[in-house]
Amino acid sequence: MRVSETFRSLQGEGPSSGAPATFVRLQGCAVGCRWCDTRYTWDAARGREVPLPSLLDELDSLGPRDLLVITGGEPLQVRGFDELLDSTCGTWPRVEVETSGVGGPTLSRPNLFWNWSPKLPTVTPLWEETWAHSHEWMAEPRAIAKIVVGEGDDSEAVRLARSLPKDRVWLMPEGVTEEALKKRAVALAELCKREGWRMSPRLQVWLWGARRGV
């Protein structure tokens with residue numbers, strides 16, 4: 001499969017935020033979010049081609065086998081993703097996948113957790129495709145909805161998130177600077193308090209800024 005990068009860091013977003021984790025960022029994404037901060041992953045021809053056994057060895061070499069985060073790009077659009085998922089679920093105690101949800105969950109395991117991040121209408125022309133499988137995502141007991149909300153998107157976020165079970169919804173502020181994240185987070189905190197939703201940080205931006213390998 002094509003890989004953009006592998007690294008060791010802390011999970012910065014979602015239910016496991018703050019946990020030490022090994023990351024594999026896959027190469028290729030056709031969703032095209034306007035605020036995407038990993039555009040270097042869009043072109044499926046870039047990155048490097050890595051055989052699955054070599055990739056598994058590489059991930060093992062980065063540190064403890066505790067939490068593996070598979071991200072992108074868009075993992076559901078990367079050739080070999082299902083094989084990677086099946087292999088790592090057999091050896092890692094916890095695997096998390098970050099996805100926009102352009103398809104439904106491809107595997108269900110007791111140690112597999114999905115951070116489904118459907119997009120709002122202003123973010124991408126493909127936003128409806130990321131919501132099309134919402135029933136499948138909510139039928140998977142270890143999936144949550146992590147919705148990135150930018151300036152001016154609050155009303156649409158509320159409209160769409162209200163269609164989901166409230167205890168599965170996480171709102172995350174959009175931004176690549178500490179100042180922008182705090183401003184957005186303060187507004188989203190009020191929505192979360194009112195609606196009974198959770199808030200996801202972007203811990204990696206707060207700690208290291210918007211750069212690769214974190």
- Answer with yes or no whether Leu181 is among the hydrophobic types (A, V, I, L, M, F, W, C), closer than 22 Å to Leu10 by Cα, touching a Pro at 6+ places or on another chain (Cβ under 9 Å) and surrounded by 14 or more Cβ atoms within 10 Å (Cβ to Cβ). yes
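Residue-wise test of (1) of a type in the set (A, V, I, L, M, F, W, C); (2) closer than 21 Å to Thr41 by Cα; (3) in contact with a helix residue (DSSP H, G or I) (Cβ under 7 Å, 6 or more places away or on another chain).
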residue: Asp82; (1), (2), (3): no, yes, no
residue: Thr91; (1), (2), (3): no, no, no
residue: Arg94; (1), (2), (3): no, no, no
residue: Gly101; (1), (2), (3): no, yes, yes
- Query: Which residue pairs have Cβ atoms closer than 6 Å, lie 6 or more positions apart in sequence or on different chains, and pair a first residue in segment 87-115 that is on the phi > 0 side of the Ramachandran plot and modelled with pLDDT of 95 or more with a second residue that is in a loop (DSSP other than H, G, I, E, B) and surrounded by fewer than 22 Cβ atoms within 10 Å (Cβ to Cβ)?
  - Reply: Gly101/His133
- Task: Kindly provide the set of residues from segment 54-82 that are within 12 Å of Gly28 (Cα to Cα) and part of a helix (DSSP H, G or I), ordered by number.
- Result: Pro75, Leu76, Gln77, Phe81
- In segment 177-201, the residues that are in contact (Cβ under 8 Å) with a residue 24 or more places away in the chain and closer than 18 Å to Gly18 by Cα: Glu178, Leu181, Arg198, Met199, Ser200, Pro201
- Task: May I ask you to say which residue of Thr99, Thr6, Thr71 is of a type in the set (Val, Ile, Thr) and over 17 Å from Ile147 (Cα atoms)?
- Result: Thr6
- Residue hits (segment 16-50; surrounded by fewer than 20 Cβ atoms within 10 Å (Cβ to Cβ) and hydroxyl-bearing (Ser, Thr, Tyr)) are Ser16, Ser17, Thr38, Tyr40
- Message: Suppose the filter is farther than 13 Å from Trp116 by Cβ, crowded, with 19+ Cβ neighbours inside 10 Å and at pLDDT 95 or above; does Leu76 pass it?
- Response: no
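The values are calculated or read from the model by the stated rules, or taken from the named source; none is laboratory data. Computed from a prediction, not measured in an experiment: that's the story for all the values here. Cβ atoms come from the backbone with ideal geometry, glycine included; neighbour counts cover every protein chain shown.
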